[in-house]
Amino acid sequence: MSNTRIAFIGAGNMATSLIGGLRAQGVDAALIRASDPGAEQRAKVAAEHGIELFADNAQAIEGADVVLIAVKPQMMKAVCEALRPSLKPNQLVVSIAAGITCASMNTWLGEHPIVRCMPNTPALLRQGVSGLYATARVSSEQRQQAGQLLSAVGIVLWLDDEKQLDAVTAVSGSGPAYFFLLIEAMTAAGEKLGLPRETAAQLTLQTALGAALMATGSDVDAAELRRRVTSPAGTTEAAIKSFQAGGFEALVETALTAAAHRSAEMAEQLGQ
Ligand SMILES: NC(=O)c1ccc[n+]([C@@H]2O[C@H](COP(=O)([O-])OP(=O)(O)OC[C@H]3O[C@@H](n4cnc5c(N)ncnc54)[C@H](OP(=O)(O)O)[C@@H]3O)[C@@H](O)[C@H]2O)c1
């Protein structure tokens, strides 16, 4: 990664998280460029990260080894088609746009080495997880470059099949919102049980954080951790039995299946 030159197309939330992550890892500002249509955004990002910004996407990608496209999915077609004449055959294109397939990008950009990624919002805190898929044109060096780039904001997991990105979207892409929903529901239930709202919220949040840290730091799986805190005929067992009687696991499966289907459907619509 030390000499890899990276150009970001679109300098919004995700791109600036990645830029911040790279800078924190010691990547030289001179190796990073970005483009964005917003003059204010360009000035803000330049001041914050010390990198050069451009209004013109074609200018930003000059000399770059990796071109990371970080615009909204609806903008991908127009951005790719406009980049096509300026893109060099050896430049690796990395896309983080949800639901845009490599086949669509190849149509819009011409045949290029492409890595498609699905990151998630905790990337903003460098606690993200990304699923990555590389097309056959991607060299092992480029694969490594893409992996190191995304690892600036969290964990990176490679996939063998592009279709698995729909499942990644369902599990981790949309996943933070499921935990937020549980946090909302537990806070509301705590309040109904007589706690002040703020107390219920703090108890819930710290419990979520503690449980996540226990689960990520443990050498046993979540099911075993759950068994260890569920004494027979105790309070936790009473709650777990209620969850299961309400079809909790089946509901989670239905919800994630709906997200994966929607992801595939969006890929179809946005790829036109
Ligand atoms: N945020 C997430 O958690 C997350 C997770 C997974 C994947 N993603 C993907 O990451 C991508 C970026 O998301 P984001 O949340 O970072 O969005 P964002 O904050 O809106 O950033 C996109 C940036 O691109 C700029 N832009 C618009 N048109 C452009 C063009 N023609 N050329 C260059 N830049 C242009 C936008 O400027 P204006 O605002 O002035 O239009 C904006 O600054 C999306 O495709 C999304 O699917 C995001």
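Set the Förster distance to 30 Å, then compute FRET efficiency between GLU191 and THR257 from the Cβ-Cβ distance, nearest 0.05.
Computed FRET efficiency for GLU191 and THR257: 0.40.
Give the accessible surface of the chain per residue, rounded to a whole number of Å², with probe radius 1.4 Å and ligands, DNA and RNA excluded.
Ligands and nucleic acids excluded, the result is 55 Å² per residue.
For the chain, what does the helix formula give at 222 nm: sum of -39500 (n - 2.57) over DSSP H segments with n ≥ 4, over the residue count, nearest 500 deg cm²/dmol?
-15500 deg cm²/dmol
Sorting check: for 248-261, 86-99, which peptide has the highest mean count of neighbouring beta carbons within 10 Å, and how do the rest follow?
86-99, 248-261
Within the accessible area of segment 175-267, what % is carbon and sulfur when the probe is 1.4 Å and the other protein chains stay in place?
Exposed carbon and sulfur together represent 67 percent of the surface.
Would you work out the relative contact order for segment 163-272, in percent, from Cα pairs under 8 angstrom that are 6 or more residues apart?
RCO, segment 163-272: 41 percent.
Okay, which of segment 105-125 sit inside 12 Å, backbone N to the point 7 Å along the Cα-Cβ direction of ARG143?
Output list for this probe position: empty.
Once Lys and Arg get +1 and Asp and Glu get -1 on their Cβ, which of ALA24, THR230, ILE183 lies farthest toward the positive end of the dipole of the chain?
Toward the positive end, the furthest listed residue is ALA24.
Provide Rg and Dmax in Å for segment 1-58, with only Cα atoms included in the calculation.
10.3, 30
What's the ranking of 60-69, 104-113 by average number of surrounding C-beta atoms within 10 Å, highest first?
The most tightly packed comes first, giving 60-69, 104-113.
Please get the size of the charge dipole for segment 6-165, origin at its Cα centre, with Cβ charges of +1 on Lys and Arg and -1 on Asp and Glu, quoted in debye to the nearest 20.
That gives segment 6-165 a dipole magnitude of about 200 debye.
For segment 175-267, count all C-alpha to C-alpha pairs, find those more than 21 Å apart, and express that count as a whole percent of the total.
Result: 47 percent of Cα pairs exceed 21 Å.
Could you tell me which of ASN57, GLY38, ALA97 has its Cα farthest along the dipole of the chain towards the positive end, charges placed at Cβ (Lys, Arg +1; Asp, Glu -1), taken about the Cα centre?
GLY38
Give me the percent of the accessible area of segment 6-165 that comes from carbon and sulfur atoms, probe 1.4 Å, all protein chains in place.
C and S fraction of accessible area: 50 percent.
Determine, at each q value in 0.13, 0.15 (inverse angstroms), the log₁₀ of I(q)/I(0) that the Debye formula gives when each Cα of the chain is one equal point scatterer.
-0.91, -1.10
Strictly over 27 Å apart at the Cα level, which of LYS163/LYS241; LYS77/LYS163; LYS72/LYS163 would you flag in this model?
LYS163/LYS241
If you put +1 on each Lys and Arg Cβ and -1 on each Asp and Glu Cβ, how big is the dipole of the chain around its Cα centre, in Debye rounded to 20?
200 debye
The values are calculated or read from the model by the stated rules, or taken from the named source; none is laboratory data. Since this is a predicted model, take the numbers as computed values, not measurements. Note: ideal-geometry Cβ built from the backbone for every residue, glycine included; neighbour counts use all protein chains shown. Heavy atoms of the whole protein, side chains included, go into the accessibility calculation; ligands, DNA and RNA do not. Shrake-Rupley method; radii C 1.70, N 1.55, O 1.52, S 1.80 Å.
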